[in-house]
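Enquirer: Attaching a single structure in structure tokens format; questions to follow.
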Amino acid sequence: MFNIVLVEPQIPQNTGTIGRLCVNLGATLHLVKPLGFDIDDKAVKRAGLDYWKQLDLVVWESFEEFLAAHPIDSRTHMATTKTDNLYFDTRFQKGDYILFGSETKGIDERVLLEHPQKCITIPMGGKGRSLNLGVSVGIVTYEALRQNYEGFEKITIANSLKESI
């Protein structure tokens with residue numbers, strides 16, 4: 001479906017939650033090192049519950065390595081508070097790469113400045129400066145899903161009930 005990229009995430013619970021979201025969306029989670037935790041950390045697995053073993057996970061040694069394999073192009077979107085380009089004005093397609101920076105630093109500002117048209121933001125009131133990473137990924141990714149919902153494989157409640165009987 002989509003490629004969710006976390007650049008240098010610091011908080012294991014956020015990454016676990018995002019991993020769970022990726023499993024439910026059929027998205028691939030890309031983690032770009034250095035990470036602020038060990039992937040085997042209990043907090044990651046606790047937040048990801050039993051979904052973690054089903055996760056399509058790719059780990060990159062550095063942001064440079066990731067960018068060498070996936071250069072920023074028309075299929076790349078970078079979430080940041082440093083733009084006025086609203087995420088819901090963006091056209092997402094299946095397979096797009098949606099990048100999110102670390103909880104403390106965001107995406108490298110040099111990269112953002114080189115590609116301002118690829119930057120997207122979530123509108124916020126004047127009293128806050130940012131949202132939780134897991135919340136941000138959920139907001140943007142579910143807008144991407146909304147735009148590409150046709151053909152999305154989902155388990156309906158009715159199907160789940162039939163399987164449990």
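The values are calculated or read from the model by the stated rules, or taken from the named source; none is laboratory data. Every value quoted in this text rests on a predicted model; they were computed, and no experiment measured them. All Cβ positions, glycine included, derive from the backbone under ideal geometry; neighbour counts span all protein chains shown.
Enquirer: Which of the residues belonging to segment 108-145 are closer than 20 Å to Gln10 by Cβ, of a type in the set (A, V, I, L, M, F, W, C) and in contact with a strand residue (DSSP E or B) (Cβ under 8 Å, 6 or more places away or on another chain)?
Expert: Val111, Leu112, Ile122, Leu133, Val137, Val140
Enquirer: Could you list all residues from segment 34-51 that are in a loop (DSSP other than H, G, I, E, B) and either modelled with pLDDT under 75 or not aromatic (Phe, Trp, Tyr) (or both)? Please lay out each step first, then the result.
Expert: Of segment 34-51, the ones in a loop (DSSP other than H, G, I, E, B) are 34-41.
Matches in segment 34-51: Pro34, Leu35, Gly36, Asp38, Ile39, Asp40, Asp41.
Enquirer: Another one. Among the residues in segment 73-91, are any in a strand (DSSP E or B), more than 14 Å from Val140 (Cβ to Cβ) and either under 15 Å from the mean Cα position of the chain (by Cα) or at pLDDT 95 or above (or both)?
Expert: Taking segment 73-91 as the starting set, the residues that turn out to be in a strand (DSSP E or B) are 76-79, 86.
Retained after the next criterion (residues that are more than 14 Å from Val140 (Cβ to Cβ)): none.
No: segment 73-91 contains no residue that is in a strand (DSSP E or B), more than 14 Å from Val140 (Cβ to Cβ) and either under 15 Å from the mean Cα position of the chain (by Cα) or at pLDDT 95 or above (or both).
Enquirer: How many of the residues in segment 1-17 are under 19 Å from Tyr97 (Cβ atoms) and either at pLDDT below 95 or over 14 Å from the mean Cα position of the chain (by Cα) (or both)?
Expert: Of the residues in segment 1-17, 3 are under 19 Å from Tyr97 (Cβ atoms) and either at pLDDT below 95 or over 14 Å from the mean Cα position of the chain (by Cα) (or both).
Enquirer: Among the candidates Thr76, Thr80, Thr104, single out the residue that is more than 15 Å from Asn3 (Cβ to Cβ), in contact (Cβ under 8 Å) with a residue 24 or more places away in the chain and in contact with a helix residue (DSSP H, G or I) (Cβ under 6 Å, 6 or more places away or on another chain).
Expert: On the way: Thr76 fails: more than 15 Å from Asn3 (Cβ to Cβ); Thr104 fails: in contact with a helix residue (DSSP H, G or I) (Cβ under 6 Å, 6 or more places away or on another chain).
Exactly one of Thr76, Thr80, Thr104 is more than 15 Å from Asn3 (Cβ to Cβ), in contact (Cβ under 8 Å) with a residue 24 or more places away in the chain and in contact with a helix residue (DSSP H, G or I) (Cβ under 6 Å, 6 or more places away or on another chain), namely Thr80.
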